[in-house]
Amino acid sequence: MTAPLHDSAGETATVDVTADMPAKDIEGRSPGRIAWTRLKRDKVALIGGVVVILLILVAVFAPFIVGLLGHPPNEFHENLLDPDLGTPKGSFGGINSDFLLGVEPTNGRDVFSRIVYGSRISLLVAFLAACVSVVLGSILGSVAGFFGGWVDAVISRVMDLLLAFPQLLFTIALVSVVPNSLWGLSGSGVRMGVLIVVIGFFGWPYIGRIVRGQTMSLREREYVEAARSLGAGRVYILFKELLPNLVAPILVYSTLIIPTNILSEAALSFLGAGVKPPTASWGKMLSDAINTYQADPTYMVVPGIAIFITVLAFNLFGDGLRDALDPKGS
Amino acid sequence: MLVYILRRLLNVVIMLVVVSMVTFGIFFMVPKITGSDPALLYAGRTTDKVAIEGIRKKMGLDKPITTQYGLFLKGVVAGRDYDAGPDTTHCPAPCFGYSFKNEQPVWQDLKDKVPVTLSLASGASILWLLGGVATGVISALRRRTLLDRATMITALAGVSLPIYFTGLVSSAIFVYSLGWLDTINYPDGGLASDPGGWLNAMILPWITLAFLFAATYARLTRATMLEILGEDYIRTARAKGLTESVVIRKHALRSTLTPIITVFGLDLGALLGGAVLTETTFSLPGLGKAAVDAISTGDLPVIMGVTMIAAFFVVMANLVVDLLYAVVDPRVRLT
Amino acid sequence: MNSSRKAVALAAVVAALSLTATACGGGGSDNKTSTKGAGYDAATTGKVLNASTKKGGTLKLMSPQDVDFLDPARSYYGFVWNIQRLYVRQLLTYDSKPGEAGTKLVPDLAETLPVLSNGGKTYTFKIKKGVKFEDGTAITSKDIKYGIERVFAQDVLSGGPTYLINVLDQGQKYPGPYKDKDPNKLGLKSVLTPDDQTIVFNLKQPNSDFSYLMAISDSSPVPMAKDDGAKYTNHPVATGPYKVASFKPGKETVFERNPNWDPKTDKVHTGLPDKVTFTVTSNPDDMDQRLLSGDVDYAVDGTGVQQAAKIKILQDPKYKANADDPFTGYIRYFAFPQTVAPFDNIECRKAVIYAADPKSLQTARGGPSSGDLGANMLPPGVPGSDKSYDPWGLTAGKPQLDKARAALKACGKPNGFKTTIAVRSNKKPEVATAESLQASLKAINVDVQIAQYDGKNSSSEIGSPTNVKKKGYGIIVMGWGADYNSGAGFLQPLVDGSFILPNGNNNYTMLNDKTVNGLFAQAAAAKTPEEAAPIYGQVNKAIMEKALYLPINFDKALVYRNPRLTNVFYNESMGRLDLAVLGVAK
């Protein structure tokens, strides 16, 4: 199978999957290699991957980018606002060559800078919350699936219970009572910590269910049987034999849980339970825009599109990854 | 079958009790941890000691948490009486509590909010079920065509759009720019009292919510359909010489519906407990908005009430889905 | 009895005897020069717009917030006190006149203003003949006493102000009528009802503010036979021009004519509309839309239109002519608790005041239509206020960085310091002002953290001095409006040392200064409000010079009035259109 050569960004995007793959494509193909070949053919997924990488770069180099193209994110520019109305002067939310995405109503902060800095919150919360979900979900899910019996019953009921909870309401309520300093953190750090823990915690059953199902089918396979007959302990089998084979589905679902987490973070910020001011957050910008969107739609559209692009990119990439890793795919 | 249903119902009850215990624990213990006094919240601007003591007694906050929880459960099952000065106020079952903000049983208040959420969830679910499944089936049948690609990318875009964004954009366009709709205001009394106002209030929420869900359903339908079209029995059916449309309608579609029903039941259950974001975005006075408002005013009985209703819908949806399974998919046997 | 109660009782002594003199003037005989055609801000100019005596029509009120309680003993929202002008009357009330006259008390259920005796410690009221409850029974002194006694039953009827308890309990620990051992349930010893037309209040000390207390809703009469305690709020018995015809919590209240209200007994309320509806909306934008289209008459909550409608109104002369920008009686400010270092040092406080950007703070609150730049702590309308008094040069509208740096040096922190602003998370303009101050203070190297707390927890967050100290809240953002229109009513809870409370404290700066406390006592002992007024001016100066507060603005709200409204003016005692006389033309 010949695959057209892709740009380097595409390769970086899938570095996790292909890290241990040889560079030449002849001879016997491992599942990882097949997946990589498939992924390379999926242009849409690759575009998603490229955008994801760009976004990560933007988040990492936010201070540099803002220094080059924007103004400090918390700097006020009230001279750019209509003094009576508090909305930006000029059309399209005050977009010009100096303020690339316009300025914020009521204080004139640079929307471009705040979008750039906001990506840090979105991505960081989403990634770390995904880690929490993945760790909890993989361990508890595989334990439930592997041991079965009452262990499975208890963990499964806990998962059902968590899914039956109105999570959004819980999170809002919890966040509203969290003190301003906690775990040695203060300010926005506390809120981010809480968001990560809560979003991650409510997310693990989704991964847990999948891992449990996979484990249940894997534990009946011959190689597990073989390990068992060789006298391997249960814990050894679980962590050395089973978990490595669960890496692919876990990887796919963690890629797909990230966009969900981005939306959760934005939703919580939208409902006032996100990071604290003056820290920039996309969801918070949207909720602020509610007051002025009829007069200044730009300020609503910009963060909305930022969320949209980010979530879409992750979804496209995650989807492509899933298709590529699917053994039944062609 | 009957034994199964009974066992599952028992399960539902246990689940609800656990949910109520956890909710109760969290919302009644958290103020203790953070050092804020719920009685003080109810007192508002008053800091009179007698008032605060009175509130504490009326809400039962002076009793140990287990007693408080016991009273709560009793209230839900059998109703409760509250001191009202010269005599008492009766809060009939299901008594989720008594809102001292407006001297009303919480249920009285929430009862009026259920139809709003119901209108939203039912209308939107019909739209997304029809739209999503149809799109998914067409996409699966026209696999790898331009149409398929375009539909799936649109669907993915749909999943990636936050509802509070599509909601705002759609009201900015249809209400404020084009003026095709009036500003959204759910009429008191709902459909029965003012059908036009009801429709005006529901149509944008329906469409935006349905768009979000239709996207998920289209993707799910397509994936399931493709998997099923590859199954042996479909090949057998085709080999029997059945026409393609019969194969699709009689065989493939039916199997495709099984996972759809699962997801649909769960989604609908979750929505009936309050579509927090949609209701907040469109200012619809449903359960979700009530809960958000209650959280911001610290109205614990209302939070309790909504959580219980929401959990009830979710676990009931779970049960109904499992029962429906048996009907749709003959392979499933309930034991 | 805690010290705070004594303090209120002791301190709330403002020029009583004189009230008679001022109010007998009847509220400035005739500034009722009516204006037609209105214009922007025309209803705040001390004139009556569209004066009319024409009856009929339905007055449609709307609000995004429901009433707190219809029970007069339990209501505390300012707009509800305005709504209560429709259906309950008290012995005294604020006159329904524009301009300063509206801040004066006039007799309502009482025949005249009270007769004072016993060195100003005994207040005697004679009740008008012919005043009736909605069921036709006559209102007697006992009904008024019973209504006042209900306030003492705080364990059942919480929510309303408790000034009456502070003044009338006098150590007897009266538990309220429901636990009263007196067979007639009239056991409150400090209030006597020698006959059905006479009610006598015996105070411990002379207290001129007492007349103001008689005008608050919780002094309304309640018939004992109809009182069912906590449930009374669902069906209060009317004494005013209207009665509550229906009450659906969270939705709608309808007021219809009270057939037993006799206009001959009433010089304040006119009761022009046939019906008044109060609707609660879940969508403030929709409410604004209805206001502008003429579907609704008045957004009775009085907090002003939302941003979208504000822009429409200010840009369209047609709408602007029907809008007003009245003072709401509120002041918005930052307070610096002296218990939190380095704000124990006046120079550090001055540094923050000088570094602030008043114009930016005003913009954060919503621009000039949201309030005038504030420079001191006594808002216009309160006797003794002087809007032009500006000790820190705030009305120039610019940060004064040189002075700020000098003050910082004098404070011993030339390289700046770190502090925390406490702000209610649910008040967007307050968060915006906190962000503005944070940005401004960066210029003098003062590093500010914004700590948000849930507004519902105010009384235990910023209202608890121990909590403020523990969490290091060096700056607190707040707003304040008085319950009654006197200098003491406004300033005393904020700056009198004896008003410091362990919970629900309003004296955030923890000021306990002999001079200031002494000035309040002096004002209380003054004979007339006029005589007391300059003393409040001195209090204002004393606290401003201590640099304890950074005033943001004297709060205004952009309010739209339906052009069909008649008798339109802002009653200065509450900063709202006066529902006692508001009518509608067809």
Legend entry - Square roots of 5 times each gyration tensor eigenvalue, C-alpha, region C:100-220, largest first, Å: 21, 18, 15
Legend entry - Ratio Rg/Rh [Cα only; Rh per Kirkwood] for chain A: 1.05
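Note the direction-averaged projected area, equal to a quarter of the hull surface, for the Cα convex hull of region C:165-211, in nm².
Averaging across all directions leaves 3.9 nm² for the Cα convex hull.
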Legend entry - Relative contact order of chain A, defined on C-alpha pairs under 8 angstrom at six or more residues apart (%): 24
Legend entry - Area of B:V12 that stays accessible when all protein chains are in place (1.4 Å probe, Å², to 10): 10
Legend entry - Which of A:R212, C:R424 is most accessible, then next, and so on - probe 1.4 Å: A:R212, C:R424
Inset, instruction - Alpha carbons only, please: Rg and Dmax for chain C, in angstrom. - result: 23.8, 74
Inset, instruction - Using only Cα atoms, locate the centre of region A:124-160 and the centre of region B:155-170, then give the distance between them in Å, rounded to an integer. - result: 30
Inset, instruction - Let me have the relative contact order for chain C, percent, based on Cα pairs under 8 Å that are six or more residues apart. - result: 23
Inset, instruction - Give the peptides B:179-186, A:90-97, A:163-170 in descending order of average Cβ contacts within 10 Å, highest first. - result: A:163-170, B:179-186, A:90-97
Legend entry - Estimated FRET transfer efficiency (C:K264, C:A443; beta-carbon r; R0 56 Å; 0.05): 0.30
Legend entry - Rounded Å value of the spacing that divides the Cα centres of region B:65-128 and region C:112-139: 43
Legend entry - Linear extension gain, B:D322 paired with B:Y4, 0.36 nm per residue minus alpha-carbon span: 113.4 nm
Inset, instruction - Please identify the helices of chain A, taking whole runs of DSSP H, that span at least 15 Å along their own axis as judged from the Cα atoms and have a mean Kyte-Doolittle score of 0.5 or higher. - result: A:43-60, A:111-147, A:149-164, A:167-177, A:188-218, A:243-270, A:297-325
Inset, instruction - Return the Cα extents of region C:377-494 along principal axes one, two and three, sorted largest first, each rounded to a whole Å. - result: 44, 35, 25
Inset, instruction - Let me know the volume per residue of the alpha-carbon convex hull for region C:491-556, in Å³. - result: 107
Inset, instruction - Give me the distance in nm between label points sitting 7 Å out from Cα along the Cα-to-Cβ direction at C:D295 and A:F64, one decimal. - result: 5.5
Inset, instruction - Can you run the Rg to Rh ratio on region A:129-259? Use alpha carbon positions and the Kirkwood inverse-distance Rh. - result: 1.08
Legend entry - Theoretical FRET efficiency, 1/(1+(r/R0)^6), r = Cβ-Cβ of C:A138 and C:H235, R0 22 Å, to 0.05: 0.65
Legend entry - Exposure ranking of A:C131, B:C91 by accessible area [1.4 Å probe, largest first]: A:C131, B:C91
Inset, instruction - Would you kindly work out the equivalent ellipsoid of region B:180-252 from its C-alpha gyration tensor and give its semi-axes, the square roots of five times the eigenvalues, largest first in whole Å? - result: 44, 14, 8
Legend entry - Calculated Rg and Dmax of region C:460-510 using C-alpha coordinates, Å: 11.2, 35
Legend entry - Sequence of B:K49, C:K145 when ordered by accessible area, the most exposed leading, probe 1.4 angstrom: B:K49, C:K145
Legend entry - Alpha-carbon centroid distance for the pair region A:264-330 / region C:459-478, whole angstrom: 35
Inset, instruction - Output the direction-averaged projected area (hull surface divided by four) of the convex hull of the alpha-carbon atoms of region A:50-171, in nm². - result: 11.3
Inset, instruction - May I have the extent of the alpha carbons of region C:215-287 along their three principal axes, as whole Å values ordered from largest to smallest? - result: 40, 31, 23
Inset, instruction - Heads up, I need the accessible area for B:F264: 1.4 angstrom probe, whole protein in place, Å², nearest 10. - result: 40
Legend entry - Size-normalised alpha-carbon gyration radius of region B:68-224, reference 2.2 N^0.38 Å: 1.47
Inset, instruction - State the three equivalent ellipsoid semi-axes of chain B, derived from the C-alpha gyration tensor as the square roots of 5 times its eigenvalues, in descending order and whole Å. - result: 45, 26, 16
Inset, instruction - Could you tell me what % of all Cα pairs in the protein assembly as shown have separations over 48 Å? - result: 37
Inset, instruction - Evaluate region A:183-330: find the radius of gyration of its Cα atoms, find its Kirkwood radius, and give the ratio Rg to Rh. - result: 1.14
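Please give the FRET efficiency for B:Q108 paired with A:L230, using the beta carbon to beta carbon distance and R0 = 60 Å, rounded to the nearest 0.05.
Calculated transfer efficiency: 0.35.
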Inset, instruction - May I ask for the Kirkwood hydrodynamic radius of region B:228-335, worked out over all distinct Cα pairs and given in angstroms to one decimal? - result: 16.7
Legend entry - Projected label distance in nm at C:D228 and A:W150, using a 7 Å step from Cα toward the beta-carbon: 5.3
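The values are calculated or read from the model by the stated rules, or taken from the named source; none is laboratory data. Please read these numbers as outputs of a predicted model, since none were measured by experiment. Using ideal geometry, Cβ is built from the backbone for each residue, glycine included, and neighbour counts are taken over all protein chains shown. SASA here: full protein model, heavy atoms, side chains in, ligands and nucleic acids out. Shrake-Rupley method; radii C 1.70, N 1.55, O 1.52, S 1.80 Å.
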